[in-house]
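Peer 1: Take a look at the following structure, please.
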Amino acid sequence: MTMTNELAAGFADKVVSAQATFRAVMDAMARPGTVQQLDAKLRHAPLPLMPAAAAIALTLFDHDTPIWLDAPLKATSAVTSWLRFHTAAPLTDATADAAFALLSSVDQMPALDQFALGSNVYPDRSTTLVLQLSSLEVGDAFELQGPGINGRASLLAPLPAQLIAQRAALRPLFPRGLDLILVASDALVAIPRTTQIMPKGAA
C-alpha cells in the first residue's frame, strides 16, 4: 500500500461507520463501565493507534477540535499525517488547549490537572482523554459508581493508582472535570466526570 493510499484509507463506509461509532460512544457515556465493541470497518489505521482510537478520531475530530498527542504518537509521522488528512484537526503542544487528547499508554500521561477542565459556566470546554490500554474487560479490579450505573459496576483495566487518585482529586471541582474514554483494540469504555472509580471493595 502506497503512502497516498494509506492516508486515503479510513472507514470502509464513512457514513455508516461514523454513525455506529458515535452511537457506541454515546452508549458508553450513558452507561459508564459497559464495554462497547465497535464494528466500524477501518481500511487502515497507523500504529500505534488502536482501531477504536482511530474510529473515535474519524468520528469526533474536526477542524474545530485541537488535539494533543503523547510523545509516541506525536513522534510517528504516519499517525500525525493520517489524523491531519482525515480530520483536519489542528495539533497542539499545550494540554490545556486540547479538546481531545490521544494517549498511547498510561505511562505517557501528564497529570490530569494539566488538561482543560472547563469552567462552571462552560464545563463542556474541557479535554476528553482517549486512553489506549492493553486490555479492557468487565471484571473485579475497579468499581464504578454514579449516574447511569445501577448500584456499582465492575471494570477490569490496567489503570495506575496515580490516575485514580488524580481523578478523585478533581471531584470537588464538578461540574468542571475530565471525561475519559478507555480503548483496547476495537473496544471502548467511557468514564465520564460524573462517575466515581475506586478499587474493588473500597467504601
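Peer 1: Would you mind telling me which residue in 116, 99, 30 has the biggest mean-square fluctuation in a Gaussian network model of the chain, where springs connect alpha carbons within a distance under 10 angstrom?
Peer 2: So, out of 116, 99, 30, the one fluctuating most is 30.
Peer 1: Here's another thing I want to ask about it. Of 88, 28, 165, which has the largest mean-square fluctuation in a 10 Å C-alpha GNM of the chain?
Peer 2: 165
Peer 1: May I pose another question? Which of 83, 180, 170 ends up with the largest GNM mean-square fluctuation for the chain, with Cα atoms connected below 10 Å?
Peer 2: Top of the fluctuation ranking is 170.
Peer 1: What is the extension gain from residue 121 to residue 65, computed as 0.36 nm multiplied by their sequence separation minus the C-alpha to C-alpha distance, in nm to one decimal?
Peer 2: On the way: separation 56, 0.36 × 56 = 20.16 nm, distance 1.94 nm.
Length gained, residue 121 through residue 65: 18.2 nm.
Peer 1: Calculate, in nm to one decimal, what residue 170 and residue 113 gain on full extension: separation in residues at 0.36 nm each, minus their alpha carbon distance.
Peer 2: Details: separation 57, 0.36 × 57 = 20.52 nm, distance 0.78 nm.
Once the chain is fully extended between residue 170 and residue 113, it gains 19.7 nm.
Peer 1: Quote the charge dipole size of region 149-203 about the Cα centre in Debye, to the nearest 20; the model charges only the Cβ of Lys and Arg (+1) and of Asp and Glu (-1). All intermediate terms of the calculation are to be shown ahead of the outcome.
Peer 2: On the way: 6 positive and 2 negative charges, 52 e Å.
For this selection, approximately 240 debye.
Peer 1: Could you list, bin by bin from short to long, the percent of Cα-Cα pairs of the chain in 5 Å steps?
Peer 2: Pairs per bin, as whole percents: 1, 8, 16, 21, 21, 17, 10, 5, 2, 0, 0.
Peer 1: When only C-alpha pairs under 8 Å and at least 6 residues apart count, what is the relative contact order of the chain, in percent? List each step's numbers first, then the result.
Peer 2: On the way: 428 pairs, mean separation 46.8, N = 203.
That works out to 23 percent.
Peer 1: Moving to a separate point now. Against the longest alpha carbon principal axis of the chain, how many degrees, from 0 to 90 and to the nearest 10, is the axis of helix 161-170 turned?
Peer 2: 80
Peer 1: Shifting gears a bit: Per the helix-only calculation at 222 nm, which mean residue ellipticity applies to the chain, given -39500 (n - 2.57) for every DSSP H run of n ≥ 4 and division by its residues, nearest 500 deg cm²/dmol?
Peer 2: -8500 deg cm²/dmol
Peer 1: Which translational diffusion coefficient, to the nearest whole µm²/s, is obtained for region 120-203 from the Stokes-Einstein equation, given a Kirkwood hydrodynamic radius over C-alpha pairs, 37 °C and 0.692 mPa s? Please list the in-between numbers first.
Peer 2: Values: Rh = 13.4 Å.
The estimated diffusion coefficient comes to 246 µm²/s.
Peer 1: Which far-off residues, 5 or more places away or on another chain, put their amide H under 5 Å from the one on residue 141, with H placed in the peptide plane?
Peer 2: Hits under the 5 Å cutoff: 155, 156, 157.
Peer 1: Under 1.5 on a/c is rounded, so check that first for region 31-118, then, if it is not, pick prolate when a/b is larger than b/c and oblate when it is not; a ≥ b ≥ c are the square roots of the alpha carbon gyration tensor eigenvalues. Spell out each step's value before the answer.
Peer 2: Working: a/c = 1.44, a/b = 1.15, b/c = 1.25.
Verdict is rounded for region 31-118.
Since every read-out is calculated from the coordinates, none of them should be taken as a lab result. Note that the structure is a prediction, hence the values are computed from the model and not measured. Note: ideal-geometry Cβ built from the backbone for every residue, glycine included; neighbour counts use all protein chains shown.
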